[in-house]
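A short write-up of the structure that comes next.
The values are calculated or read from the model by the stated rules, or taken from the named source; none is laboratory data. Computed from a predicted structure; not experimentally measured. Because the Cβ atoms are built from the backbone with ideal geometry, glycine has one as well, and the counts that use them run over all protein chains shown. When the accessible area is computed, the model is the full protein with side chains, heavy atoms only, and any ligands, DNA or RNA have been set aside. Shrake-Rupley method; radii C 1.70, N 1.55, O 1.52, S 1.80 Å.
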Amino acid sequence: MEPLIELRNVGKWYTPGRPIITGIDLAVHRGQVLAIRGGNGSGKTTLLKLIAGIGRPSAGVVRRAPGVTVGYAPERFERLRFRAEEYLAHLGRIRRMPGEELGRRIRELMDLFQMPPAGPITRFSKGMAQKVNLMQAVLVRPDVLVLDEPLSGLDAKAQAELTRLLLAFRREGSAIIVTGHEPGFAEGWADRMAFLRNGRLEEPRNRATESSEDADTSAWICDQWGIG
Amino acid sequence: MNAGLVWYLVYGYLRSYRYFPPLLVFLIGLMLLYANRPNPVMESYAASSVLVYFVSAWIGAGFHGAVGDAQEHIAAVHAGSVRAYLAGKTLAVFACGLVLDLAALVYPVAAGSFDAPVRAGEWLTALLAHIELSALGGALGLLLSHPIVQKGTHATAALLLVLILSIVRDGILAEIGEGFAPLFVLLPPAATLVDGMMNPDMATGMRSAAVWAWPLAYGGALCWLYARLAERKM
């Protein structure tokens with residue numbers, strides 16, 4: 001099966017000789033959830049931006065299957081003086097979504113995310129703002145959903161709710177690439193777990209085939225790489 | 001052109017209230033310019049075009065901060081590419097400049113501030129000059145601001161220096177001698193446009209074409225440079 005997104009020997013740097021990420025090989029298929037763990041400054045955001053099509057790699061190639069739609073939710077979501085529906089409507093018009101379809105999709109998302117009609121996003125709690133962030137990423141049903149630390153800073157209840165939503169998108173067939181740094185992050189719901197440190201990606205084992213004898217592999221790697 | 005993107009960016013800028021200081025300076029400047037009546041048509045339009053040049057640069061420089069990095073990334077993904085986003089952002093700055101242009105052209109006529117009726121040729125000349133100067137200013141503002149220039153203070157200083165030098169270039173050369181002209185050759189051709197507006201009879205034939213075409217080419221080069229540098233920074 002052709003991957004939706006494929007990275008071959010991808011590197012990115014702003015100053016020659018000081019790569020932020022380097023030698024990244026990665027392929028993501030439909031319906032997969034790939035969780036990438038790494039500490040602060042490990043290059044997670046840079047990698048996700050390249051996957052989302054923001055900027056070009058300094059080395060290597062990022063390939064997308066024809067017609068693939070990508071949704072992207074950054075870690076830091078600046079709160080604009082828009083109401084949530086208004087903000088989504090603007091982004092839908094940028095996507096050139098037909099008005100009727102756009103209105104229907106926004107109502108659908110407001111229901112799905114249990115968002116009450118509210119004032120401007122500037123007054124939202126972090127959890128509410130993060131919901132809007134996720135809503136914009138799935139405004140057009142994405143083939144690949146790229147999420148930069150979506151659970152960071154949220155309380156347990158909000159984390160559980162957002163995880164439930166992510167799994168719903170996965171069931172609809174979206175591939176999800178998600179980053180995080182918390183211990184235990186994405187365990188139990190990610191198909192694949194990769195580790196990013198000093199700009200290099202290490203994917204030790206496909207979790208779907210992980211044997212019981214190697215149950216401690218993730219913990220060992222975290223320990224070796226000094227994360228988690 | 002992605003009209004939805006342009007409108008979103010203009011709307012976001014307006015909602016951020018960052019427009020307020022430049023708009024206030026523009027309105028006060030315009031009122032001071034026409035405080036006394038009557039006024040000569042083209043000299044007054046030349047002055048208002050300089051005002052539009054500065055205020056458009058201010059708007060261009062303030063556009064990035066209206067949304068922030070992450071919102072720019074989101075908009076770029078929805079627009080389909082970083083280049084499409086940057087093109088939309090440039091057009092949004094130009095659209096704001098166009099509103100200033102029209103206000104600067106219509107206000108004195110509506111207020112009866114001129115000493116004679118504005119002829120069609122004068123109006124067209126003034127319109128073209130205002131549009132070109134606001135576009136030049138806007139492009140300079142985009143180029144000489146964050147994130148292209150990392151430090152805000154450096155960006156502001158560089159922008160003000162370029163704006164002022166590009167307007168007073170001829171006065172400085174008159175003082176220090178035309179031999180220094182090559183030092184100023186890379187500056188935006190704002191003074192040439194203002195001269196061309198005030199002395200339309202002196203600019204004829206090829207020289208006239210150069211007066212009006214060179215700023216367009218220069219502005220195009222600024223936009224290209226901005227897109228290249230901003231794409232790398234995103």
Exactly one of B:Leu193, B:Leu163, B:Leu187 is outside any helix (DSSP H, G or I), within 29 Å of B:Ile59 (Cα to Cα), modelled with pLDDT of 85 or more and open to solvent by less than 50 Å² (accessible area, probe 1.4 Å), and that one is B:Leu187
Residues of segment A:25-63 being out of contact with any helix residue (DSSP H, G or I) (no Cβ under 9 Å at 6 or more places or on another chain) and either within 14 Å of chain B (Cβ to nearest Cβ) or basic (Lys, Arg) (or both), which ones?
-> A:Arg30, A:Lys44, A:Thr45, A:Thr46, A:Leu47, A:Leu48, A:Leu50, A:Ile51, A:Ser58, A:Arg63
What residue, among those in segment B:47-84 that are touching an Asp or Glu at 6+ places or on another chain (Cβ under 7 Å) and open to solvent by less than 20 Å² (accessible area, probe 1.4 Å), is farthest from the other protein chains (Cβ to nearest Cβ)?
-> B:Val52
Please identify the pairs in which a residue from segment A:88-112 that is within 13 Å of chain B (Cβ to nearest Cβ) and within 23 Å of B:Gly88 (Cα to Cα) has its Cβ atom under 8 Å from the Cβ atom of a residue that is in a helix (DSSP H, G or I) and among the β-branched types (Val, Ile, Thr), counting only partners at least 6 apart or on another chain.
-> A:Leu88/A:Ile106; A:Leu88/A:Val132; A:Ala89/A:Ile106; A:Leu91/B:Ile74; A:Gly92/A:Ile106
Within segment B:16-46, the residues that are touching a residue at least 40 places away in the same chain (Cβ under 8 Å), within 14 Å of chain A (Cβ to nearest Cβ) and either surrounded by fewer than 19 Cβ atoms within 10 Å (Cβ to Cβ) or small (Gly, Ala, Ser) (or both) are B:Ser16
Answer yes or no: is there a residue in segment B:207-227 that is surrounded by 12 or more Cβ atoms within 10 Å (Cβ to Cβ), at pLDDT 90 or above and within 14 Å of chain A (Cβ to nearest Cβ).
-> yes
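From the list A:Asp143, A:Asp148, pick out the single residue that is more than 24 Å from B:Gly88 (Cα to Cα), in contact with a Leu (Cβ under 6 Å, 6 or more places away or on another chain) and within 11 Å of chain B (Cβ to nearest Cβ).
On the way: A:Asp143 fails: within 11 Å of chain B (Cβ to nearest Cβ).
Just one listed residue meets the conditions, A:Asp148.
Can you tell which of B:Arg169, B:Arg119, B:Arg232 is basic (Lys, Arg) and open to solvent by less than 80 Å² (accessible area, probe 1.4 Å)? Let's see the steps before the verdict.
Working: B:Arg119 fails: open to solvent by less than 80 Å² (accessible area, probe 1.4 Å); B:Arg232 fails: open to solvent by less than 80 Å² (accessible area, probe 1.4 Å).
Residue meeting the stated conditions: B:Arg169.
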